[in-house]
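Asks: I have a structure I would like to understand better, so I am pasting it below and will then ask my questions one at a time.
Each value in this text was obtained by applying a stated rule to the coordinates, not by laboratory testing. Note that the structure is a prediction, hence the values are computed from the model and not measured. Backbone-built Cβ (ideal geometry, glycine too); neighbour counts: all protein chains shown.
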Amino acid sequence: MLLLTKAVFAVMVGFLLSACLGLVLIPLLKRLKVGQRISAFVGESHRKKEGTPTMGGLIFIIPTVLITLGLWITGKIPYSDNLAIVLIVFCGFAIIGFLDDFLSIRRHNNEGLTTYQKLFGQIIISTIFFYIYMRNGGQTSWVVGTLHIDLEMGWFYGLFILFILIGSSNAVNITDGLDGLAGSLSAIAFIAFALISFMVGFEDIGIFCLVLVGSLAGFLIYNMYPAKVFMGDTGSLALGGVMGAVAILTHRELTLLVVALVFVIETLSVILQVFWVKVFKRKLFLMTPLHHHFEKLGWAETDIVKLFCVFGLLFAMGGILFGVWL
């Protein structure tokens, strides 16, 4: 009963604080002229979104961090190195995304940080993650009990962490192309990881996930079609990075592929498109990521988001069963 009370409190406070923050932050972003520049390749339906405020990820990042720290300080959730890692990854990837958004706006194009600059930042965050993880006596083997996999990786586990963080952050970033899409799918994924965390004994991470779910719900008030604000790289990199971190810390790395399968498919569509063009000299999809392919087929933006969220929910439910079964 106490856990249920904490869970409800986490979601509600996250929602209320982010909803209130949006009322203040969106007008501020407009005054600062922090507008998103829209690519000419995505079609006329997106051109009307030109100038919509970006960096809106702050609407769910700030409340999530403040509430988690508040619960931590007041003893509602116990101190743990795992929770420290989660907050470091969340904030660290948010900073990388913020710098990317800031430079894009300052240069009046969609070119922010270079690939190598982003990679450098991700390596630093992954190194901090690995240091704290090792200091806390974390296991360096990849274990999947039901499949009888127990692969000791030693120091290479640090590269494993980097690979997952980069992959998950880029996957959410790629998916963030329609109003409410990345935010809705992320909220669904974090509900799944909250339940998995509770069931496998990581209450602190579970509470963090629910605070983030509530904050995302508050953000979606302003991000659903027609969006009044975009999360930008500030939000998408933070969400993807911390999703990967939660999967690693709960030792459910394989479950991440199931829970976040829509993100994975979106990423694979881009990779396949590049491969198809190079090898067969023609496109496999009308446009990638995959959500743009459906747009080119004439689907309404809201219908695409609904379809992807339905599949996201189905994959999340499958991921919960898979995560517990593992």
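Asks: Just to be sure I follow the definition: excluding the sites themselves, where is the longest run in the chain that has none of the GluC sites (Glu not before Pro) in a DSSP loop with at most 14 other Cβ atoms within 10 Å?
Replies: 112-326
Asks: Same structure, new question: Under the 0.36 nm per residue contour assumption, what length would be gained going from the current alpha-carbon distance of GLU50 and CYS20 to full extension?
Replies: Length gained, GLU50 through CYS20: 8.3 nm.
Asks: Write down the Å³ per residue value for the convex hull defined by the alpha carbon atoms of segment 210-326.
Replies: Enclosed volume per residue, from the Cα hull, is 131 Å³.
Asks: Regarding the chain, what's the average projected area of the Cα-atom convex hull, expressed in nm²?
Replies: That works out to 16.9 nm².
Asks: Can you count the Lys pairs in the chain whose Cα atoms are under 14 Å apart, with each pair 8 or more apart or on different chains?
Replies: 8
Asks: Just to verify a number: FRET efficiency for TRP276 and LEU297, C-beta to C-beta distance, R0 = 25 Å, to 0.05?
Replies: For R0 = 25 Å, the calculated efficiency reads 0.90.
Asks: Helix-only estimate, please: 222 nm mean residue ellipticity of the chain, summing -39500 (n - 2.57) across DSSP H runs of length 4 or more and dividing by its residues, to the nearest 500.
Replies: Computed ellipticity for the chain at 222 nm equals -24500 deg cm²/dmol.
Asks: Taking all pairs of distinct Cα atoms, average 1/r, flip it, and tell me the Kirkwood hydrodynamic radius of segment 104-177 in Å to one decimal place.
Replies: This gives a value of 14.5 Å.
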